[in-house]
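So the structure is just underneath, and the comments pick up after that.
The values are calculated or read from the model by the stated rules, or taken from the named source; none is laboratory data. Quantities reported herein were computed from a predicted structural model and do not represent experimental measurements. Note: ideal-geometry Cβ built from the backbone for every residue, glycine included; neighbour counts use all protein chains shown. These accessible areas exclude ligands, DNA and RNA; they are computed on the full protein's heavy atoms, side chains included. Shrake-Rupley method; radii C 1.70, N 1.55, O 1.52, S 1.80 Å.
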Amino acid sequence: MRAFIIVIDGFGIGAMPDCKKYNDFGANTLKNIRATYDLNVPTLADLGLYNIEGTYNDDRMPIGAYARLKELSKGKDTTVGHWEMAGQITKEFLPTFPNGFPKELISKFEAEIGTKVLCNKPYSGTDVIRDYGEEHLRTGYPIVYTSADSVFQIAVHMDKYSIEELYHMCEVARKLCVGKYGVGRIIARPFAGEYPFVRTAERKDYSLDPPGKTVLDDVKDAGMQSVAVGKIEYIFNGKGITRSIHTTSNLNGLNVTLDVAKENFDGLVFVNLVDTDMKFGHRRDVYGYAEALEEIDGKIAELIKLLKHDDVLYITGDHGCDPTHKQHTDHTREYTPLLVYGCDIVPTDLGTLDGFDTIADTVREQLGLSSGGKSVWERITR
């Protein structure tokens, strides 16, 4: 018996009631993509995507259970979204630095790594290497920047520093970023080539530990496999994971997931597909995002054919990242979809559910680890 959780990073389906606090009024990742692009995702539609409250109101009869999930955590980023779907709600905002990091922190970081840094402002990841990349190559100073999320990001050119040196800088930053500076993630952002520079695939995240036990811990403690695909290991700082498979793209992650599905084991496969967010959502690339969704849709159709009779597939998002949103280039505070499919899953309209942690409780009940909580298992099974 296995649970497959597929997270389409940045896949929102409509602004939440508190969206104005986040400058996200009018955000709707799915709707606004469809208004611009003739989106063709037949598998997701069959599973119930367009039957979810607040979406397309499709008349088709879905083959899965479906819901709209309301985030309860404070924030709208990858860390709190994934922690919540794994069972841990973040009740206080992780610290953000809209004016850059305080001099006290930067001075300590510079002293530890033995060099000054550039930028120290909120910035888009592609824009920051465009604007500071050449100065970085001249001076050797690493580029430090943040965003609207709780992140401390370090970008260096691979001709200037080795990947090991970059990772060491991130480890220094993780050691320093605690307490009031305890950002959710330190992110290594290597780049290469000549102007205009390109980011490389050796990104690495250094996260805080989740604030408590998650469904991954429960699966591992029960002696089952807890398989992390993509950046899941980084998000949970390795906690509760028995095997991690890093990936270079959505397509690579999906193909890895297909290979894992062919194996025989009991437990959880937790997959993050980051391209929709990193490559297309933040860059406000509507067409790229839409094409990525179509690629995901085709691979999910292949995955469904590999599911065993007691496997269950859960498809969701961790936040929104509306590629049409003009107020900023960050994540958007949105509801996310939940699509559930398996041989014994009854097509069910679950309406709007409070909390991404509904997923954790349902997976626990499916795998026989616990019952109750917010689980919808009894509502969606024969």
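Of the numbered criteria (1) within 23 Å of residue 11 (Cα to Cα); (2) open to solvent by 10 Å² or more (accessible area, probe 1.4 Å); (3) small (Gly, Ala, Ser), the one residue 368 fails is (1). If the condition is being open to solvent by 40 Å² or more (accessible area, probe 1.4 Å), under 28 Å from residue 326 (Cβ atoms) and in a loop (DSSP other than H, G, I, E, B), then segment 20-66 contributes 23, 25, 26, 37, 38, 40, 53, 54, 56, 57.
If we keep just the residues of segment 120-174 that are among the aliphatic types (A, V, I, L, M) and open to solvent by 40 Å² or more (accessible area, probe 1.4 Å), which is farthest from residue 235 (Cα to Cα)? Once the filter is applied, the top-ranked residue is 137. If you take the residues of segment 184-203 that are of a type in the set (A, V, I, L, M, F, W, C) and open to solvent by 10 Å² or more (accessible area, probe 1.4 Å), which of them is farthest from residue 235 (Cα to Cα)? This residue is 197. Among residues of segment 216-229 that are closer than 7 Å to residue 268 by Cα, those with a beta-carbon under 7 Å from a residue that is in a helix (DSSP H, G or I) and open to solvent by less than 10 Å² (accessible area, probe 1.4 Å) at least six positions away or on a different chain give the pairs 226/216; 226/219; 227/260.
The set of residues from segment 244-254 being within 15 Å of the chain's Cα centre (by Cα), crowded, with 16+ Cβ neighbours inside 10 Å and of a type in the set (S, T, N, Q) comprises 247, 249, 250. Restricting segment 1-18 to residues that are over 27 Å from residue 225 (Cα atoms) and out of contact with any Gly (no Cβ under 8 Å at 6 or more places or on another chain) leaves a set whose member that is surrounded by the most Cβ atoms within 10 Å (Cβ to Cβ) is 16. Is it true that some residue in segment 223-243 is farther than 30 Å from residue 371 by Cα and either open to solvent by less than 20 Å² (accessible area, probe 1.4 Å) or under 18 Å from the mean Cα position of the chain (by Cα) (or both)? No - not one qualifying residue is present in segment 223-243.
Whenever a residue of segment 321-336 is touching a residue at least 24 places away in the same chain (Cβ under 8 Å) and under 11 Å from residue 285 (Cα atoms), its partners that are part of a loop (DSSP other than H, G, I, E, B) and open to solvent by less than 10 Å² (accessible area, probe 1.4 Å), lying with C-beta atoms within less than 6 angstrom and at least six residues away or across chains, give the pairs 321/10; 321/331; 322/27; 325/27. Summed over segment 255-274, the residues that are touching a residue at least 12 places away in the same chain (Cβ under 8 Å) and either open to solvent by 10 Å² or more (accessible area, probe 1.4 Å) or part of a loop (DSSP other than H, G, I, E, B) (or both) give a count of 7. Restricted to helices (runs of 4 or more DSSP H) entirely inside segment 78-139, those with at least 1 residues that are farther than 19 Å from residue 176 by Cα and touching a residue at least 12 places away in the same chain (Cβ under 8 Å) are 78-85, 125-139. For segment 204-222, a tally of residues being more than 21 Å from the chain's Cα centre (by Cα) and open to solvent by 70 Å² or more (accessible area, probe 1.4 Å) returns 2.
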